[in-house]
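All remarks here apply to the structure that follows.
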Amino acid sequence: MKINVERLKKAMQECGMTQAQLSRKTGITKTAISQYLSECFGPGDKSLAKIAKALDVSEGWLIGCTDTQSKIEQPGLTERERLLISKYRTDPGIRKAIDSLLDKPTVEIFRAAKSEDGTIAPTSEKITEEQLRRLNDAPETDEEL
């Protein structure tokens, strides 16, 4: 199947993916990926599906049948959210920072605070395990300070 090489290169760049990384992610040999990019031959249906999945694009877009790049439309994204996704895909520093935030395990805690008027306001929030350790080590009352 003929693949649109410019679109393949664009998708790889947006994902920050090299030929070797695409090969590892898809199980397609580096030689085959190189040949797709040099237009020696195109991928079969199964390989095309693997590439599209790895690059998070539609198969139709990769072969030039549609102008819709994303395989899943995401209506409701703000321009800022689209910019963040684009930066994540193209800037290794941004990707690393966001990945480190996303990879931190979080714990949901529940707490209740008594306000000055005597009402109790329960809340919940997610905190990292490191924050939870610090919270557990903190004094519980003012007298313990």
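List of remarks:
- Figure legend. Inter-residue proximity from region 32-58: first residues over 18 Å from THR18 (Cβ atoms), second residues part of a helix (DSSP H, G or I) and hydroxyl-bearing (Ser, Thr, Tyr), beta-carbon distance below 8 Å, spacing 6+ or different chains. Indicated pairs: GLY42/TYR36.
- Annotation note: Cβ proximity below 7 Å between a residue of region 1-21 that is without any contact (Cβ under 8 Å) to a residue 40 or more places away in the chain and a residue that is of a type in the set (Gly, Ala, Ser) (sequence gap 6+ or interchain) occurs for GLN19/SER34.
- Qualifying residue in region 23-42 (condition: in a helix (DSSP H, G or I), at pLDDT 90 or above and under 12 Å from ILE63 (Cα atoms)): yes
- Helices (runs of 4 or more DSSP H) fully within region 45-91 counting 1 or more residues that are at pLDDT 85 or above and in the same structural domain as THR29 (by TED's automatic domain parsing): 45-55, 59-62
- Test: residue in region 102-118 that is part of a helix (DSSP H, G or I) and within 30 Å of ARG134 (Cα to Cα): yes
- Unmet requirement for ASP99, which otherwise passes all of (1) in the same structural domain as ALA20 (by TED's automatic domain parsing); (2) surrounded by 10 or more Cβ atoms within 10 Å (Cβ to Cβ): (1)
- Within region 1-22, one or more residues are more than 30 Å from ALA121 (Cβ to Cβ), of a type in the set (Gly, Ala, Ser) and surrounded by 13 or more Cβ atoms within 10 Å (Cβ to Cβ).
The values are calculated or read from the model by the stated rules, or taken from the named source; none is laboratory data. Here the structure is a predicted model, which is why all the values come from computation and not from measurement. Note: ideal-geometry Cβ built from the backbone for every residue, glycine included; neighbour counts use all protein chains shown.
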